[in-house]
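Right, one structure below, let's go through it.
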Amino acid sequence: MLQVARSYVKIVDAINYRIGRVMMYGIFIMIGILLWSSISKTFFLPSLWTLEMAQFAMVAYYIMGGPYSIQLGSNVRMDLFYSSWTDETKAWVDSFTIVFLITYLAILLWGGYESAAYAIEYGERSYSAWRPYMWPIKLILCLGITLMLLQAIAELIKDLFRIRGEKIGYREEGGPAGEIERVE
């Protein structure tokens, strides 16, 4: 059973690490869209699609980068007492609080699935002048929430291993799935 947990963490960490690294470049897509928006408004007729497409790109950037952020421990954390605690105390508190995150993400995924199913079934469109279909961004939201849920479960497993005195995962082993990356 412990080997299954280790394999799960290794696979989820590797997937979310790679997706997160790709999504880091999503900022350039947003910059390109907003740059085109500025140029078209200044020199040509304004494009109807640019503002909404930038919002969709931002949603994809944020939601698909979330699991990577959780994996690296880059998420916001109240550090009033946390930094002075031992690793075991941090693991206990993290394992307790991650249960709330998992519950929240499960409910969010259920709602996202219902919304995406509705958008696909009825061909839901935005109310803007451009009127794009909403199902692609809703599917991206569902995928991102699923990956975040899988990463939260992996973090819970890592915390349980830390309570036992073992360290597994990205932060503890120096890279995704135990690979060590050095930037020189």
For segment 25-54, which chymotrypsin sites (Phe, Trp or Tyr not before Pro) are in a loop by DSSP, counting at most 10 other Cβ atoms within 10 Å? Tyr25, Phe44
In whole Hz, what ³J(HN,Hα) sequence does segment 100-116 give by Karplus (6.51, -1.76, 1.60; θ = phi - 60°), x for Gly and Pro? 5, 5, 4, 4, 4, 5, 5, 5, 4, 5, 4, x, x, 5, 4, 5, 5
Quickly estimate the mean residue ellipticity at 222 nm for the chain, helices only: each DSSP H run with n ≥ 4 gives -39500 (n - 2.57), and the total goes over all residues, rounded to 500. -25000 deg cm²/dmol
Give the longest segment of the chain that steers clear of trypsin sites (Lys or Arg not before Pro) in DSSP loops with at most 15 neighbouring Cβ atoms within 10 Å, not counting the sites themselves. 78-166
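Classify segment 47-127: rounded, prolate or oblate, from the alpha-carbon gyration tensor (a ≥ b ≥ c, eigenvalue square roots; a/c under 1.5 rounded; otherwise prolate if a/b is larger than b/c)? Could you put the intermediate results ahead of the total?
Details: a/c = 4.36, a/b = 2.01, b/c = 2.16.
Oblate is the answer for segment 47-127, as a/c is 1.5 or above yet b/c matches or exceeds a/b.
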Read phi for every residue in segment 5-14 and hand back ³J(HN,Hα) as whole Hz from Karplus 6.51 cos²θ - 1.76 cosθ + 1.60, θ = phi - 60°, with x for Gly and Pro. 4, 4, 5, 4, 4, 4, 5, 5, 4, 5
Qualifying lysines (Cα of each under 19 Å from Cα of Lys167; at least 8 residues distant if same chain): Lys10, Lys90, Lys158
Using θ = phi - 60° and the Karplus relation 6.51 cos²θ - 1.76 cosθ + 1.60, list the HN-Hα couplings for segment 33-41 in order, rounded to whole Hz, with x at every Gly or Pro. 5, 5, 5, 4, 4, 5, 5, 5, 6
Segment 68-163: chymotrypsin sites (Phe, Trp or Tyr not before Pro) in DSSP loop, at most 16 other beta carbons within 10 Å: Phe81, Trp85, Tyr127, Trp130
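Rule-based calculations on the coordinates, nothing more; no lab input. Note that the structure is a prediction, hence the values are computed from the model and not measured. Ideal geometry is used to build each Cβ from the backbone, glycine not excepted, and the neighbour counts take in all protein chains shown.
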